[in-house]
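Inspection log for the structure reproduced underneath, given as structure tokens.
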Amino acid sequence: MNSYDYKGRVAVVTGGANGIGAAVAERMAASGARIAIWDMDVSAPDKRVAGLAEDACQMVQVDVSDPGSVAEAMAQTESAFGQIDVLVNSAGIAGPTATLAEYDPAMWRKVQAVNLDGTYLCCRAVVPGMRDRGYGRIVNVASIAGKEGNPNASAYSASKAAVIALTKSLGKELADVDVAVNCITPATAQTRILEQVSTEFIDYMRSKIPRGRFVTVEEIASMVLWIASAENSFTTGAVFDLSGGRATY
């Protein structure tokens, strides 16, 4: 297990109550960070974060697609911890498995609202403070689907492609200060998001990965921990693959 010094740092992890976000939050807490978990449902957090000390971990119920909810979460975290040094945007939904012609417009908008608008709103909330302090790390969780596109998942693929573009744009905007903005594009991980899609789609996704298995949340957390650390002082606006050999560019 890799380890970096996060002592004195405050990290917000959206979607941190379960899945990828919980693995990241657990690893950062073990490295000395204080963690604010922003999640739509904090009633039954993963055991990775459920046992974290209250003075080191704050649970905030937040709808990342709602500007008012994000603003309230920001106020709560700043009140508890004083500042935000790291943001990991892990909150996301898969949406239904359907062809574009059959995709429900309301579900299309919901997927974009959570995956893209949520990333935008959370970045928008933390960036001014990071710029003022001259330090910050933002890691956006995109997907290999955002680079290659998955059939019958047009809303999800489009939202993650937009997250990649947002990352590149914001990275350039903040390149004059020590605020690094990067994203990761993992292949499918075995998390609760798979409950939203069909068994056939899951089998198809596994067949696309040359390693023949899904990425683990621990593997994702390992990469995120370095990207979000102070040691990553030069790379910004970049895309880091965790595709098991699937990525072609």
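The values are calculated or read from the model by the stated rules, or taken from the named source; none is laboratory data. In this text, all values refer to a predicted model and were calculated from it rather than measured experimentally. Neighbour counts run over all protein chains shown; Cβ positions are idealised from the backbone, glycine included. Surface accessibility is based on the protein's heavy atoms, side chains included, excluding ligands, DNA and RNA. Shrake-Rupley method; radii C 1.70, N 1.55, O 1.52, S 1.80 Å.
Normalised by 2.2 N^0.38 Å, where N counts its residues, the alpha-carbon radius of gyration of region 24-77 equals 1.13. Sites listed here are GluC sites (Glu not before Pro) in region 1-105 whose DSSP assignment is loop and whose Cβ has at most 15 other Cβ atoms within 10 Å: E54. Thinking of region 168-249 as a set of Cα atoms, what percent of all their pairs are more than 19 Å apart? Considering region 168-249, 48 percent of its Cα-Cα pairs are separated by more than 19 Å.
Taking a sphere under 14 Å around the Cβ of G245 and counting the other residues whose Cβ falls inside, with K and R at +1 and D and E at -1, yields a net charge of +3. Rounded to the nearest 500, the 222 nm mean residue ellipticity of the chain from helices alone is -12000 deg cm²/dmol, with -39,500 (n - 2.57) taken per DSSP H run of at least 4 residues. Computed from phi, the 3J(HN,Hα) profile of region 109-126 under the Karplus parametrisation 6.51, -1.76, 1.60 (θ = phi - 60°) reads 5, 5, 4, 5, 4, 6, 6, 9, 4, x, 5, 4, 5, 6, 4, 4, 6, 9 Hz, with x in place of Gly and Pro. Around the amide H of A36, modelled in the peptide plane, lie the amide H atoms of A11, V12, V13, Q58, all under 5 Å away and 5 or more residues distant in sequence or on another chain. Near D178, no amide H atom lies under 5 Å from its own; only residues 5 or more places off or on other chains count, and H is placed 1.01 Å from N.
For region 62-74, backbone phi angles converted through the Karplus equation (6.51, -1.76, 1.60; θ = phi - 60°) give residue-by-residue couplings of 8, 9, 5, 7, 10, x, x, 5, 5, 4, 5, 4, 4 Hz, Gly and Pro being listed as x. A simple rule links phi to the HN-Hα coupling: the Karplus curve 6.51 cos²θ - 1.76 cosθ + 1.60 with θ = phi - 60°, which for region 193-206 gives 5, 5, 5, 8, 10, 7, 4, 4, 5, 4, 4, 4, 5, 5 Hz, with x for Gly and Pro. In this structure, the amide hydrogen of N152, modeled 1.01 Å from its nitrogen in the peptide plane, lies closer than 5 angstrom to those of L100, counting only residues at least 5 positions away or on a different chain.
In region 1-121 the Cα-Cα distances spread across 5 Å bins starting at 0 as 2, 12, 21, 22, 17, 11, 7, 4, 3, 1 percent of all pairs.
Taking the Cα-to-Cβ direction at S222 and at E78 and moving 7 Å from each Cα, how far apart do the two end points lie in nm? About 3.8 nm, to one decimal. Per-residue SASA remark: M223, around 50 Å² accessible (1.4 Å probe; ligands, DNA and RNA not included).
Compared with the alpha-carbon gap, the fully stretched path from K47 to S198 is longer by 51.7 nm at 0.36 nm per residue. Straight-line reach only, C-alpha to C-alpha below 27 angstrom: list the lysines that K7 could link to, leaving out same-chain residues fewer than 8 apart. Straight-distance partners of K7: K47.
Over the Cα atoms of the chain, what is the Rg over Rh ratio if Rh follows Kirkwood? List each step's numbers first, then the result.
On the way: Rg = 16.9 Å, Rh = 17.9 Å.
Radius of gyration over Kirkwood radius for the chain works out to 0.94.
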